[in-house]
Each structure stands twice: as structure tokens, then as C-alpha cells.
Amino acid sequence: MPSSLLWAVDVYGRVYTLSTAGQCWELCKDAHLEFKRLTSVQQCCWGIAGDHQVYLYVHSSDVPIRYQEETYENQRWNPVDRFCEKLLPSDRWQWSDVTGLKHQPLDSFRLPSEHWEWEADWYVDENIDGEPTEKGGWTYAIDFPATYTKDKKWNSCVRRRRWIRYRRYKSRDTWAKIPSQDDGPLPDPFSDISAGGWEITDEPRGRLSLWAVSLQGKMWYREGIHHHNPEGSMWTEVTTPGEVVQISCGPSDLVWAVLWEGQLLVREGISRENPKGSSWVVVDSPSTEVGAIHVAVGINVVWAVTKDRKVWFRRGINSHNPCGTGWIGMVGEMVMVNVGLNDQVWGISCEDRAVYIRQGVTSSELSGKTWRAIAVARDDDRSRSGSANSLASAGCFFSGEVRVQSQSSVMNDAESSSETERSQAAQSTSLTHADAMKRRIPKVTSDSFISELVSDKERKPDRDGRDGQTPSIQEDGAPQEQASADQETSVELLPQSSGQQGARDPKWSNVDLEEAQPPLPAAASDTTETSSLSSVATYNLGMEEQYGVDEHPLWAWVSGGGCAMDSHTHLNWFSASTGVSSSVQSMSLSITPAQTAAWRKQIFEQLSERSKREMENFKHYEQAIEQSVWVKKGNMQWWRDWKPNKWIDVRFALEQFSGTDGNRDGILFIYYTFNDEKKYLHAFINEITVLVPVLNDTKHTFAIYTPERTKQRWPIWLTAATEQEMHDWLALLNLSCCDSRGIHGAPCKQAIWSTTCKGDIYVCEPAPNLEAVPYPLPCDQMFWRQIGGHLRLVESNSLGIVWGIGYDHTAWVYTGGYGGGFSQGLGSSTDNIHTQTDVKSVYIYENQRWNPVTGYSSRGLPTDRYMWSDVSGLQECTKASTKPPSPQWTWVSDWCIDYNTSGGTDREGWQYAADFPATYHGYKTMKDFVRRRRWARKCKITTTGPWLEVPPIALWDLTILPCSSQSSVEEVSLWGISNKGDVLCRIGVTQQSPAGTSWLHVGTDQPFKSISIGGGYQVWAIARDGSTFYRGSVSAQNPAGDCWYHIPSPPRQKLKQVSVGRTSVYVVDENSNLWYRQGLTPSYPQGSSWEHISNNVRRVSVGPLDQVWIIADKVQGSHSLSCGTVCHRVGVQPMEPKGQSWDYGIGGGWEHITIRGNSQEAPRIVMPVPAENTLEKKGRVAEEGGEGGGRTASISSVLCIKEEELNGNAVSC
């Protein structure tokens, strides 16, 4: 889990952050303002400063925040002027939006605020749906509005083209003031603010809900906050049934507020279409005697604080019941509480103003177990540079009492004994002062302001007439009775002690004009003080530090909305020096680093001497080699090979033996009974090629492959009684297979990496003859071993740099270890193994059919699919019956409608079609009689593996520069595509630092989805609309290149993936066709045309020697048909770059493979080229030579497979 930040404000208005990987509070950058309230999320933080204005702090990132402005230029044809800007009166504007209803000339676009800047000038978009238009970017139609095409026809009477301009948000890592309303400033300043709503059901990524409360008790909502516009667009008032004093917004659809009278409000009706909600529900205070003053909400929790500082927990909170069922009193007294990610809770204690964290918070125990103080120091170098007059604004708004200790009141531990009598004479005064300081807790939050104004406690009498001793002021002391509005106020400065007049600068006073207090006499310790909201706050402006050396900061507000942690997160927040006893500190300080190094050296020499002495005593003995047989047995179930296929009980035995040469081998035996006759099935350990765990919600199954079983597409299926038993057998078998082949330790740098559709990671050590010509090593004899972790794809190169991407788009880098997951003991390295998490969505479909009586309903025809089914419609899947993929996965969300389904959806998530199954679209027509919508639910897996997370940008695709193992490249080029479609180039990637240092953003005109870099720094990419691009001028000196060149795609095809080798470029289109780019030369690296190679291809990988490997679908075996099969292109040579035929390997269920790390040159033997495969026919599809140009249709298909349904027992996706 990457580090994240906890935000806090101290009583002096200074903002601090505490990293989950750090051990000290750091003063926020650009901390020239004093803040009262903060609300943070992972990407930014909002705050209210002393000037009552709202400020935004956006974290810096390697990916810029860009927003695309667009407008359309419209023209109509007439016989005189041809196409011109002269339009009919009924036509749209000459410059308009895409609908034509809004007038948008180029000069009408303005930057939203001073925090934005234009990237470049306006330019014409010359692409339409991935296809290049004629020069000028015009698209033609019969009339407005209509369907536009790039081709000009005889009846094209109108045309339009799109103009694009990007603006960039430039205020990063600084507090940016949010502009007021366009029609003037807000009617009154803000007093509270809360951000959340980023997890509202299927809310687009980057969306945010920001709620605010003004001093007059009004509630406001910030419109238009999303990733491309972090500061939003405008404030909208939300009506409330009373005056609101505080509000809290959770990550999802929970919004609670506190009324002035102490009651609470709950917002209902919050949804994707209506993030502001529809109505309010009043909830009584947790205590009938005192009202609530503070509330904090999360995903499934609500915490509250009443006026007596008691903490309460609301039970029964969920998405269907945002009001909950009742209150539970919790231990502790807090000024305020805050709920962050994973429903983690923070609070500020009344007693010592320290930040506390609620420990033991889990999904099953949301209330946690206990409070624990965060005891870490401050960053002294930065905190001491803070302004001492930071209460100038806070004193006018916050209540409570602020005391600043002067330098004369701090006793020095190094004073000489000659001053003992003087210190004894002032002992009584000092003790009185010490007692007072314990009770003198500053309260300067707006929360305290609310508590004072709505407090129902008796008010304390005035302090007039007291002696010169420092008065003892209670923490909860109420302010004096407020003067009437017409009462005359007076302002006086506090007198200074005579001994310091003239020696120190005069003190400034902060005056509340509502009520003035009489001057207080200076105490013996010269401590200045303020009372509550209506008192005078005075302190020395020249002081550099408000806290003593051993004092922890006094906190006023804390926000953990962007702090990602859970009950298993290791934190260094509780081992600071402030919490260590003086004896332990003195002991640790007495041991110097030199002494520690000397001790280590002495111990090492003693151990080396003993080891040498013991080894010499046994030199004359021969090495003992054990010749033994070891057997492990167990009971399992086996999916028998013949029909009717079913699970039968078997005895499973692994017999291992070691020979005189020390090598170990073994045999697997499966004993079963058939027709009352005992039989057995066996497999040699050295013939097993892969062990695959099969995810199933009812059985703990794994598959065993051998070369013969791989050809049959029918492995040995076994299921264990428990998940742990299955993992034990897999670990033992995997270790035995590695021992028999002599494979130990981490994978080599030339290894071939792959992933399955279930997220398992496999690696293969390539043999020297893997790419031999003409007789390479058959793919079905390759041995694959599993590496711990869970990833969607893996990419590597021959220098040992390996990166991966999870299903949640998190990037991971390989650490050099091996094992992890179910591997234990000798099968896993002791170091470089880390915890890894991954999140993915499980989908089910709701299907409906239209009838004339009820319209669309769940009553279908007898031949229809299930009304709740999977994507194929063949398997019934309801919300209640659908389980996580395996017991290792746990649900982390509820079922919700998925609006991001391919093909688009309407406002309710429905897709329409004429019948099942068909092509679905997101709008209803007269011919649509069926519809469906997709429901999604997220689940999470936690495992271990040799992977470290590379925060903070989520990736969709990545590629690493292929090179030879002897290459002397100082910095390896690594490119990636973010999940938002931004193209990135990683800086600082080396063998010593494979994770790199930072991302360099590469500008694009549209989002991308696939990228690949080949030999000679050739960078090819595919946009989300299926178009192809080539990046020019990329080199080691210019890693980001200069510009993009558009490459025409194959006719009528949209591409989805690209892979570039040394001299070859292959792409896969959305119809699973594999294409080869012809005509690539050093002088013309874009090539000339596309040639069709094969069909039924899911993914392709081209290596540094132009090797071609694919993941193929519908591969026929002797027993079944498999999807997701590893295939190798045979016969690839410099004079035959397209190869000759396919060799089928392991499968199915494989999702991704990368051959880009294997740069081993195989020995070549000059022999006659074998006869060409009769099943393979070659064809070439040339690009269009112009309008109406002819084209040759492809007739090749190396995977000539019969079109038949997948066998239900095959290993499929």
C-alpha cells in the first residue's frame, strides 16, 4: 500500500501532514496562510483560511491536469460560394458546440481562473472515429444534424470540423484560492467544509462532492468538481430545515450535518444523477440532555460528539439505511472526530489536544477497539520557521483560550547552583503556573466556537479582582456573558512587566469587537493569555516557536479523508522519542555507531573461526549422499477422463527418490476404482510442465499438465478437501518439479513471463533451442512455475527489469525474489517478498424483454436467456448466488449498476438490442425488443509476492525497451499509459533502480490504450478509438520524442493492442485478427501496409529477436477446445519475418505473455526449409490507394478451427 497523508491544523492555524511511511509531522508547503478547517482526499485537500476563503491544495503528479475545450465550425454549400460560412436562418451557429444549440466562437473561451494556462493555440482535429479525414478535418453530411462521414459525396450539403485546445492546471503543491461566484462574492464567509462522494455508485473517476457551511447557517454545494476541473465551477445553495453549524460527507452517499439546536440531519436521495440528494431527515441527538456539536461519516459508519465531549457511534448504517438505527456511547472525550478511508477514525482529545487513532477498525468491527495517541515529533527545521502571529485571524473566529509561554517562564536544566535560592523563592509561583498549564488547554477551533455558543452549561464568573498570580482556567470554561449589540467596546493593551519593558518588542492584541475584556495583570511568569471568543489574544510576535522542546503540538483539526490504511498497515507513529523514557534514551545514546560496528566485526570473526575449525575436523570424510524414497499420500477427488465425466474419490500419492548422483525425481500416482477393479494413473515429475490452481467457489481444484495432456487440452484435474490442503500440495509439487529439473532461485533475466485470466503469474526459463531453426523446442515441453502475486499483465526485458499491472491498475515492480503466495520454506525466498493486494469487479447481467402489456419486464420467452445471467446468458447468476472468484477473495462493495459498459448505456444503465444475443447500444429504438444492464461488485485479494508497488499513477498498459543481455544501456526506456489514457515515459529506470524515479508526460490529442517500444526506440501506440500512431524522434537523448504520426489502420478494423520487436510490428484488432506491418525500413519506420497473419488472437508479444508469441483462442485438442492458449510462431527468420506456422503450447486460461526478455540467439543450422503447412494460406491486404480503390480480402487463417461451442470442462476464461 503506497504512502498517503494525514492532514492536521494546530491551534495556531498551521497545516501539517503526516505520511503513513513517515515519523514526523511536516509543515505544509506554502504555509503562509492560517487555516481553520481542512478536508482531504487522496488527490487534494480543501481548507478554509483565516480570511474565510476556500483554498485548494492539489498534490503534484507526473500526469498533468488537462481539460479539452472544443468547438465546431459549421459550413453550408451553395452554388455560388461553394462551402462557406453563409448559413440558412434555420441552421445552427457558424461556431457551435456538438449539438449546434450553443454559440461558441473561438474568442469566447476564457480560462476559469488564474490557476489555469493554455497549452497551445487552437488546432483542427483531423480524425473521426480513428480514421483520418481529408486535409482540413472536414466531415460531411446531407443536413444539420445528421450522420457525418469523412467522404464528400454528391449530396453533401453541409460540413463541419472540430477545433481543439487544451488548458492545463498549474497550481500544484500550493494553496490556490477558489474564485468566488461569477456574479459577485458569496453573501457570507464559510465556517465548515467537507469533501467526499468519490465512491458514489459508478461515479466517474475523479468526481468529487464538496459541501460547505456558512456562518449564517446556510449550506452550499460545489458544482463541477472532477479530475479535469479540480476547483469546480460554481457554488449552489442547498436548502435546509434549520441553521447548520457543521457538515460531514463520506466517500460514498452518506452526508450528515449538525443543526444549531444540536439535532442532526441526514441527506437522502444521493445518487449518480443527483449527487446533491433530494431531502433531509432529522435524527435526534445521541443524548437527550445535550445536543450534538460534531459529526463525522465514512462509508458505513457515523461518529458524533456531543456538547459534553462524549463520543458516540451510530449503528445500522448502510447504503440502504443512511439514518442508522441507534447510538452507542464510546469511551473517551474528544473535541472532534474524523472518518477516513476504510472507515478509519481519528480524533482530537479534550485532555491534551493530541491526535488519536482508533485501533482495531475492521469491516467486521467498524467501531474499533481502543484509542491510541499518535506520538511523533514535528519537523523542527520547518516548523520553527513558521510565523508566530498565526492567530491573527483565528482569534477572531475560534473560541477557547490561547496561552503562549514567554522565554522567562521556561526553566533551564543547565542553570548553575548559585541560582538555587532564587528558584526556590519562586517555587510556589512556578508550581501554581504548572498546575495552571495542565488545565490551560487552547481551544481555537470553529468546533469550539460552536460548542461555546450553543453550550448549555453555566457560565463562569468574571475574573476581575484577582491577584497577580496566573489564574487557573478550566478547559471547558465558558466565555463571559456577551455584551449587547449597542454596548460600547473598549480596546486596551496588556501592560508588560517592568523588567522587560524596552527590552522586548511591544505586543500586539487581537480584539474581538463583539465583546472586550478588561486588561489582565501580568503574571510572575509573564504568561500572556486569552479567554474565549470574546477575549483579547496577545502574544509575542518575535517568538519563533510556540511550543516547548518537549511539548507536542496542540491540535485543532484533523482530516484523514486521503489517508489510506487498514488494521494491517504498519505505522511508525507510536515510537517517537517523545514517548520513550529518559533512561531508555540515555542508554541508546550511550552506544555509538563505532561500538556497534566493532561488536559486529568481533562476532563475525568468532563465527568464521568456529566454522573453519569444525569443517577442518571432517575434511577426510567423504560426502554422504542419502539414497532414499519418500512418499506422501492423501485423499482427493479426480475428474475422470472418460464420459460421463464426474468427480470420483481417489488416493493420491507422491513418491520421491534420490539417486546416487544426488538428483531427485518422483512419480505421481492416482489410485481409483472402476467397475470394482483397482486401477491407477501415473505421471512422472520431470514430465509435468505446469501446475495451475483453478478458481472455483465450491471446490479447491488444481490442474496438472504434461506434454501429452497439453496436446489433448485435457489436464489431470484434482480437488482437495480444503484450500490449505490444496496449497500444501501445490507447494510440494512445485518444489519437486523444480528439483527434478535443477531449477532453483529467482528467474533468470531472459525468462518468459505470463499471466492467466485469474491473475496468477507464471515464468519459464527459456532453453537455448527455443528459437532454433528449423527445429525449435516444442512449446508443450516448456516448464512453467508459478510466482507469487496477482497481476493482469507483466512486461520485462533482458536486463531483468520486470513490471506488472494489477486489475485495479496499480503498477508493481519485480524485486528479484521468488515464491510467495502458497509457496513456503525452500520454495520461496526469505527476502524481497512483500504483501500485495488487488481489486477487481465481478459482473452479472440483468436481462429484460419487451411485451405490449407491461413493457420491459423480467418475463422472457421460454427460449430466452436467464433474466439474471453471465455475459453469455448460458449460466444463471443472481446477486444472491454470485460469490467471489475463490475463498481468497472478499467483497469490498455492494452491487451497483455499471455505466461504463462497452457500447454505452442510457441514464439507468440499460443497453438495447433487437434480440438476444446481438450488438447492444445505449439508446432505445423502435426495433429494440430486449435490453440488459450490467451490475458490478468489487472484491479484493491479499497475497504475497516479489513485487513492490510503484505509486501513485494507475496504469492501463506499459512497455519496456527490449535489448540484449550484454547491452550497456545506462537508462532503460519504459513507457506507460495511465487508466485515463495519458501517455507517460518513466525516468530513471536502471538495473540498480528498476522502479525509476518519476513520470514524464507525453502530450496526446486523445486517450490511448496500448503502447509498445521496440528496437531502435520505435514507439507505436493505439488510441481508444482504434487508430494507430507512431512516435517520432525517440532516442536515448530524447526519451519522449517529438511528435505523433498517424498510421492508417487495416480496412474497417479498430485495433486494440500493438507489439514492436527489432524490425517487426504486429497489432491485434477488436475482431481478434493478427496483422503484420510491411515495409518498415530505417528511413521509413512507419511502414507501408498491413498484412493479415491469423485470426482468433487475443494478444501478441514480439521479442528483441523478432520472436512472435500470441495468446490464441479456440485451439482444438484431441479432447476439448481451449481458450487462452500460448502459441509460438515458428520459422521466423530475417528473410521470413512473418514466420511459417504456429506451435501450440500451454493453455487454456492464459491471458498475457511477454517474450521481450528473451534475447538468446539460438544456433542456426542451414537445412532445407520444410514444406509449408497446407492449412496455412497467405494473403495480403493493401491499404486503400484512394477513393474507391480496390482491396484484396484476407483469406489466411493459421488457426483453422471448427466453429463449435467451448467444452464446459475445458480450462477456459
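Given the condition out of contact with any Phe, Trp or Tyr (no Cβ under 7 Å at 6 or more places or on another chain), surrounded by fewer than 15 Cβ atoms within 10 Å (Cβ to Cβ) and at pLDDT 85 or above, answer yes or no: does some residue in segment 176-198 qualify? The answer is no, given that none of the residues of segment 176-198 is out of contact with any Phe, Trp or Tyr (no Cβ under 7 Å at 6 or more places or on another chain), surrounded by fewer than 15 Cβ atoms within 10 Å (Cβ to Cβ) and at pLDDT 85 or above.
Is it fair to say ASP1143 is open to solvent by 10 Å² or more (accessible area, probe 1.4 Å), part of a strand (DSSP E or B) and within 25 Å of LYS749 (Cβ to Cβ)?
On the way: open to solvent by 10 Å² or more (accessible area, probe 1.4 Å): yes; part of a strand (DSSP E or B): yes; within 25 Å of LYS749 (Cβ to Cβ): yes.
Yes; evaluated as a whole, the condition is true for this residue.
Kindly establish whether THR698 is open to solvent by less than 10 Å² (accessible area, probe 1.4 Å), farther than 16 Å from SER740 by Cβ and outside any strand (DSSP E or B). Spelling it out, it is not the case that THR698 is open to solvent by less than 10 Å² (accessible area, probe 1.4 Å), farther than 16 Å from SER740 by Cβ and outside any strand (DSSP E or B). The number of residues in segment 228-239 that are open to solvent by 40 Å² or more (accessible area, probe 1.4 Å) and assigned to a loop (DSSP other than H, G, I, E, B) comes to 3. Evaluation of TRP784 against the conditions (1) out of contact with any Cys (no Cβ under 6 Å at 6 or more places or on another chain); (2) over 24 Å from GLY996 (Cα atoms); (3) at pLDDT 90 or above shows that the sole unmet condition is (1).
Working carefully through the options ARG849, ARG865, find the one that is farther than 27 Å from PRO946 by Cβ, crowded, with 16+ Cβ neighbours inside 10 Å and in contact with a Phe, Trp or Tyr (Cβ under 6 Å, 6 or more places away or on another chain).
Values: ARG849 fails: in contact with a Phe, Trp or Tyr (Cβ under 6 Å, 6 or more places away or on another chain).
Result: ARG865 is the single residue among ARG849, ARG865 that is farther than 27 Å from PRO946 by Cβ, crowded, with 16+ Cβ neighbours inside 10 Å and in contact with a Phe, Trp or Tyr (Cβ under 6 Å, 6 or more places away or on another chain).
Closer than 22 Å to TYR67 by Cβ and not in a loop (DSSP other than H, G, I, E, B) - does that describe any residue in segment 1030-1041? Taking every residue of segment 1030-1041 in turn, none turns out to be closer than 22 Å to TYR67 by Cβ and not in a loop (DSSP other than H, G, I, E, B).
Any chance segment 722-731 includes a residue that's in contact with a helix residue (DSSP H, G or I) (Cβ under 7 Å, 6 or more places away or on another chain), within 21 Å of TYR818 (Cα to Cα) and open to solvent by 10 Å² or more (accessible area, probe 1.4 Å)? Yes, some residue in segment 722-731 is in contact with a helix residue (DSSP H, G or I) (Cβ under 7 Å, 6 or more places away or on another chain), within 21 Å of TYR818 (Cα to Cα) and open to solvent by 10 Å² or more (accessible area, probe 1.4 Å). Scanning segment 91-106 for residues that are open to solvent by 40 Å² or more (accessible area, probe 1.4 Å) and over 40 Å from the mean Cα position of the chain (by Cα), we see that the one that is nearest to ARG162 (Cα to Cα) is GLN94. Could you run through segment 1011-1037 and say how many residues are surrounded by fewer than 22 Cβ atoms within 10 Å (Cβ to Cβ), farther than 15 Å from LEU1080 by Cβ and either among the acidic types (Asp, Glu) or in contact (Cβ under 8 Å) with a residue 24 or more places away in the chain (or both)? Residues in segment 1011-1037 being surrounded by fewer than 22 Cβ atoms within 10 Å (Cβ to Cβ), farther than 15 Å from LEU1080 by Cβ and either among the acidic types (Asp, Glu) or in contact (Cβ under 8 Å) with a residue 24 or more places away in the chain (or both): 4 in total. Looking only at segment 263-280, decide whether some residue is farther than 20 Å from LEU208 by Cα, part of a loop (DSSP other than H, G, I, E, B), of a type outside the set (Lys, Arg) and open to solvent by 10 Å² or more (accessible area, probe 1.4 Å). Taking every residue of segment 263-280 in turn, at least one turns out to be farther than 20 Å from LEU208 by Cα, part of a loop (DSSP other than H, G, I, E, B), of a type outside the set (Lys, Arg) and open to solvent by 10 Å² or more (accessible area, probe 1.4 Å). For residues that are assigned to a loop (DSSP other than H, G, I, E, B) and among the charged types (D, E, K, R), scanning just segment 973-986, find the one that is farthest from ARG1156 (Cα to Cα). The residue in question is LYS980. Filtering segment 129-174 to residues that are of a type in the set (Val, Ile, Thr), open to solvent by 40 Å² or more (accessible area, probe 1.4 Å) and part of a strand (DSSP E or B) leaves only THR149.
Every test in (1) open to solvent by less than 40 Å² (accessible area, probe 1.4 Å); (2) at pLDDT 90 or above; (3) in a loop (DSSP other than H, G, I, E, B) is passed by PRO1051 save one, and that test is (2). Among the criteria (1) surrounded by fewer than 14 Cβ atoms within 10 Å (Cβ to Cβ); (2) among the aromatic types (Phe, Trp, Tyr); (3) at pLDDT 80 or above, the one TYR621 does not fulfil is (3).
Restricted to segment 987-1026, the set of strands (runs of 3 or more DSSP E) holding at least 3 residues that are more than 18 Å from TYR1076 (Cα to Cα) comprises 998-1002. The residue that is surrounded by the fewest Cβ atoms within 10 Å (Cβ to Cβ), counting only those in segment 742-797 that are within 26 Å of THR943 (Cβ to Cβ) and of a type in the set (Ser, Thr, Tyr), is TYR762. The number of residues in segment 787-801 being under 25 Å from the mean Cα position of the chain (by Cα) and assigned to a loop (DSSP other than H, G, I, E, B) comes to 6. Of the set (1) within 29 Å of the chain's Cα centre (by Cα); (2) open to solvent by 50 Å² or more (accessible area, probe 1.4 Å), all apply to ALA914 but (1).
The values are calculated or read from the model by the stated rules, or taken from the named source; none is laboratory data. Model, not experiment: these values are computed from the prediction. Glycine also receives a Cβ, built like all others from the backbone with ideal geometry; neighbour counts cover every protein chain displayed. What goes into the accessible areas is simple: the full protein's heavy atoms, side chains included, and nothing from ligands, DNA or RNA. Shrake-Rupley method; radii C 1.70, N 1.55, O 1.52, S 1.80 Å.
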